[in-house]
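Worksheet: the structure to be examined is printed underneath.
The numbers here are math on the coordinates, done by the rules we state, and not lab data. Quick caveat: nothing in here was measured; it's all calculated off a predicted structure. Counting neighbours? That spans all protein chains shown, and the Cβs are built from the backbone with ideal geometry, glycine included.
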Amino acid sequence: MKTIIALSLLSLSSLLHANDRIVGGELVDPATTETRYIVSLGGSCAGSIISPSWILTAAHCKSIFNSVVITGGGVDLKAKNRVVLKIKKSYVHPKNNPSKYSYDFALLQLETPIDFEKTGLAPITMVDPDLVKTGAIDDGVISTVLGWGTMSEGAQSITNLMRKVDVPIVSNDRANAPGSYNGQVDATMLAAGYDQGKKDSCQGDSGGPLTVVGTDGKPVLAGVVSWGKGCARANYYGIYANVAVGYSWIQDTMKANQ
Ligand code: ARG
């Protein structure tokens with residue numbers, strides 16, 4: 001009898017929780033090589049390796065830049081063999097407006113360039129303005145967001161195993177409709193999600209990647225997890241810093257600080 005009650009409680013809770021991861025996502029296959037560019041900023045934010053010495057993350061994560069331990073390699077935050085990366089200097093986009101989350105970009109320059117062969121880490125290519133012209137981030141394009149963030153709005157802890165969820169890009173016009181963000185989504189941002197909600201990034205995913213499929217079939221970095229009203233709420237899509245908008249500042253900053 002006890003077992004039956006325990007079993008039915010178990011299946012009830014798995015039913016209730018089946019759809020509330022990253023939010024509404026799934027575990028990332030540990031064997032995949034397509035997540036080698038993702039790093040964790042101490043679990044509370046994430047970032048993407050864009051070159052041997054540079055990580056792109058969110059400006060609103062900046063309070064942790066001075067103290068955080070950055071790790072890369074694999075989906076498991078608790079794994080003992082994670083690669084530790086040290087920050088030499090951080091750069092926040094000069095036009096970043098923290099109260100509006102506009103230009104939510106920060107670059108972390110590493111103390112030592114990453115040896116990709118030795119570490120198994122790899123960089124990801126960014127969506128540039130030319131790729132945007134081909135429709136790469138048009139309304140309806142399916143994108144993928146990955147991270148160790150909370151599995152539901154208001155959850156207390158991040159996850160140790162990386163999760164991912166697919167969400168369609170939403171045009172800024174649609175995201176700015178009354179009843180949605182009503183004008184708060186500016187041209188430096190990109191929205192993604194479903195009208196009915198249910199699938200989204202959430203707290204702890206910030207700074208991490210939103211990718212679309214590039215011309216060669218590989219993921220390209222289109223967005224940086226930035227903000228949202230709650231997580232996965234109907235009509236309140238996830239909002240991402242639009243990488244194509246930050247592209248020239250990112251390139252210039254990397255070039256000017258070698
Ligand atoms: N600002 C959050 C963070 O610092 C990310 C929130 C993303 N929210 C969303 N609904 N997609 O982790």
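Calculate, for K218 and I64, the FRET efficiency according to 1/(1 + (r/R0)^6) with r their C-beta to C-beta distance and R0 30 Å; round to the nearest 0.05.
E(calc), rounded to 0.05, equals 0.50.
Roughly how many debye, to the nearest 20, is the charge dipole of the chain about its Cα centre, given +1 on each Lys and Arg Cβ, -1 on each Asp and Glu Cβ, and no other charges?
Dipole about the Cα centre, nearest 20: 740 debye.
If the viscosity is 0.692 mPa s and the temperature 37 °C, what Stokes-Einstein diffusion coefficient in µm²/s follows for region 41-97 when Rh is the Kirkwood radius over Cα pairs?
Taking Rh from Cα pairs, D becomes 267 µm²/s.
What does the charge count near L146 come to, summing +1 for each Lys or Arg and -1 for each Asp or Glu among other residues with Cβ under 11 Å from its Cβ?
-2
What is the Rg over Rh value, at two decimals, for the chain, using alpha-carbon atoms and the Kirkwood definition of Rh?
Checking Rg against Rh, the ratio lands at 0.98.
Can you work out the Karplus-derived ³J(HN,Hα) for every residue in region 200-208? Use 6.51 cos²θ - 1.76 cosθ + 1.60 with θ = phi - 60°, whole Hz, and x for glycine or proline.
Result, rounded to whole Hz: 5, 7, 7, 3, x, 7, 3, x, x.
Counting Lys and Arg as +1 and Asp and Glu as -1, what is the net charge of the other residues whose Cβ lies under 12 Å from the Cβ of Y103?
0
How much length, in nm to one decimal, is gained on full extension between Q258 and Q184, taken as 0.36 nm per residue of separation minus their Cα-Cα distance?
Length gained between Q258 and Q184: 23.1 nm.
So for V185, V225, fewest C-beta neighbours within 10 Å to most, what's the order?
Sorted ascending by nearby Cβ count, the order is V185, V225.
So how do C202, C61 line up by other beta-carbon neighbours within 10 Å, fewest first?
C61, C202
Among D195, D166, D130, whose mean-square fluctuation peaks in a Gaussian network model of the chain (Cα, cutoff 10 Å)?
D130
Sort 66-74, 82-90 by packing, meaning the average of other beta carbons within 10 Å per residue, with the highest value first.
66-74, 82-90
Please list, or write none, the lysines whose alpha carbon is within less than 20 Å of the alpha carbon of K255, excluding same-chain residues fewer than 8 places away.
K86, K88, K89, K95
S102's amide H: which non-local residues (gap 5+, or another chain) put their own amide H closer than 5 Å, with H modeled 1.01 Å from N in plane and none for Pro or chain starts?
N97
Whole-Hz Karplus ³J(HN,Hα) for region 117-127, in order, using 6.51 cos²θ - 1.76 cosθ + 1.60 and θ = phi - 60°, x for Gly and Pro?
3J(HN,Hα) across region 117-127, in whole Hz: 5, 5, 8, x, 7, 7, x, 10, 7, 9, 6.
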